[in-house]
Amino acid sequence: MDRLASLRTHMESLRQGHLLAGAEALSSQDRDALIGRIESIGWEAIPELVEHYVKCRPAAASGEIVPASCATVDPECVCDSVSLVDAGDLRERGEAMLLAGRVAAFTVAGGQGTRLGWQGPKGTFPASPVTGKPLFRLFAEQILAAQNRWGHTIRWYIMTSKANDAQTRSFFLDNRCFGLDRRQIMMFPQGMMPAFDAESGRVLLEGPAALAMSPDGHGGSYQALLRSGALDQMEGRGVEAISYFQVDNPLAPVLDPVFLGLHADSERSSGEFTSKMVPKCGPDEKVGVFALRGGVPGVVEYSDLSCEQAEAMDASGRLCFAAGNIAMHIISTEFARRVAVGGEDGLPWHRADKKVTWYDPASGETHAPTQPNAVKLERFVFDAMGIAKKPAILEVSREAEFAPIKNASGVDSAESSSQLQSDLYGGWLEQAGVTVPRRADGHVDAAIEISPLTAMSAEELCGQNLPAEIAPGSDFVC
Ligand code: UTP
């Protein structure tokens, strides 16, 4: 039997025969491309996924939800269930890991960035308040600053997707890797999943020779790390801890010694999976919270908390479910490998109902739906927390570490992120003795940008050549 006929038999047995309905009418090149694309999918798992996630709506996991306990180093910055830890002690541990070269940076940059609407990989988005440095440059500068401090090369792993991999690589090459050595950066694309018709469970075609595919979520990073050889490379070079962060937060500390120290503190953590949280700014903030569900630690989506739970306060007037996930994790290489090979049955999938434009091979027409017609499946990186033996969570300051760029305008936009960056750097300048203008609402009334190569903290600014004051409405860069 030829390749097309045997694939057709296989697809028909899976009730996906429509994918090849128009194959004969294609040019031989397009037909081969379509066959290759269909063959690249892991079909063994698809029928069960369709039954479990597409035809049914999986019920939210059951079990009582209670707040997770967290650690903080700042007594002023506490929410519920927090234990105070010694920052100095943790910092020393983390610094020892950095000095020994046991840590690599890992950026997940495979998302589609639909809400932002930027043409190109999100990491190329101009993010700094004055000079508009792209997100990738800001992280590269942090890595350069860390190398200067720790005295050796720090490896940077970047997960892309099939849709943005080539553009991301060219962007780095065009910018001479922002001063880093090309060999210290490894990029690899994440896995893709087909989109399913919500009614029938049939995989959708995007065009006559292409399936409708999208990235398999940031939780796909475990398998992508394994498949690409990144985990082998890390282990071969003595890297034990992966510092995971998202591409869309210009303030994300790429390598944080205190965070690494908590991860390595065997009293508090198994050293497998450690996370950061910031206290939610209010009950309505749409962010997942760290919590235990049925005794298992993880992130509970805001939509899974009842109003009563979201608004519940403890005796001191703080939200009970306050530990907002800001997507910063330290993951041990050993644990990442265990998750990637499906340890404890692997990570669950999450269903998202989306509008997906699709091609009908029977009529030859393309349909652009106005209502969600399709199901996409994604995995989430933090679901691995439930597999880790003793995951630890560190409370950090929102102002210092979190200024995400998700949306084209409003909350979590480039504009709000720029203001948050200026507020942070304005505060550093004030600590260094500079007069910084502030508006009545307390926000800094200037655009201020401090390169990680100049300073990584307020302390590092002290003693530098700084002006006595910043004029209202002006730009300041150093
Ligand atoms: P988001 O959940 O914000 O998704 O990703 P997104 O795709 O970037 O943006 P929207 O929802 O389409 O507007 C959070 C982080 O996870 C990465 C993103 O690149 C971002 O750093 N991510 C997300 C991946 O690497 N792969 C994915 O499949 C999804």
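The values are calculated or read from the model by the stated rules, or taken from the named source; none is laboratory data. Remember, predicted model here, so these are calculated numbers, not experimental data. Here Cβ is always computed from backbone atoms with ideal geometry, including for glycine, and neighbour counts include all displayed protein chains. Heavy atoms of the whole protein, side chains included, go into the accessibility calculation; ligands, DNA and RNA do not. Shrake-Rupley method; radii C 1.70, N 1.55, O 1.52, S 1.80 Å.
Structure values in brief
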read-out	value
The range 318-328 - phi-based ³J(HN,Hα) in whole Hz, Karplus 6.51/-1.76/1.60, Gly and Pro as x	9, 4, 5, 9, 10, 7, x, 7, 10, 6, 10
Segment ASP345-ALA33, extension gain: residue separation times 0.36 nm, minus the distance between their alpha carbons	109.0 nm
C-alpha center-to-center spacing [the range 214-248, the range 277-292] in angstrom	26
Accessible surface of the range 46-116, 1.4 Å probe, proportion on carbon and sulfur as whole %	48
J(HN,Hα) series, the range 271-277, from Karplus relation 6.51 cos²θ - 1.76 cosθ + 1.60, nearest Hz, glycine and proline x	x, 9, 8, 10, 10, 10, 9
With eigenvalues of the C-alpha gyration tensor scaled by 5 and rooted, the range 222-316, Å	31, 16, 15
Theoretical gain in end-to-end length, CYS478 to LYS389 [0.36 nm per residue, Cα-Cα removed]	27.7 nm
Acute angle (nearest 10 degrees) that the helix 28-39 long axis makes with the longest principal axis of the chain, alpha-carbon atoms	60
For the chain, accessible area per residue (1.4 Å probe, heavy atoms of protein chains only), Å²	45
Order by protection proxy (mean Cβ within 10 Å, highest first), peptides 435-447, 263-275	263-275, 435-447
Under 5 Å, built H, 5+ apart or other chain: amide partners of ALA61	none
ASP89/THR454 FRET efficiency (R0 30 Å; Cβ-Cβ; nearest 0.05)	0.60
Degrees between helix 87-99 axis and first principal axis of the chain (Cα, 0 to 90, nearest 10)	60
Which listed pairs, of LYS280/LYS390; LYS122/LYS406; LYS122/LYS280, have C-alpha distances above 21 Å, in listed order	LYS280/LYS390; LYS122/LYS280
Cut-off under 5 Å, modelled amide H: who pairs with SER214 long-range	MET193, ALA195
The range 355-362 - phi-based ³J(HN,Hα) in whole Hz, Karplus 6.51/-1.76/1.60, Gly and Pro as x	8, 10, 5, 9, 9, 9, x, 6
Segment LEU14-GLU469, length gained on full extension (0.36 nm per residue, minus Cα span)	156.9 nm
Residues with amide H under 5 Å from that of VAL203, placed H, sequence gap 5 or more	ASP197
Overall Cα dimensions of the range 75-154, principal axis frame, Å, largest first	44, 39, 26
Percent of alpha-carbon pairs separated by more than 15 Å within the range 37-130	82
Projected label distance in nm at GLU64 and THR114, using a 7 Å step from Cα toward the beta-carbon	3.8
Cα convex hull of the range 131-230 - mean projected area over all directions, nm²	9.1
Heavy-atom accessible surface of the range 363-410: percent carbon and sulfur, 1.4 Å	50
Whole-angstrom gap from the range 372-386 to the range 118-160, using each part's C-alpha centre	27
Equivalent ellipsoid semi-axes - Cα gyration tensor, the chain, angstrom	41, 26, 23
Burial order of peptide ranges 31-43, 196-208, 319-331 (average beta-carbon count within 10 Å, highest first)	319-331, 196-208, 31-43
TRP349, TRP358, TRP118, reordered so the largest accessible area comes first (probe 1.4 Å)	TRP118, TRP358, TRP349
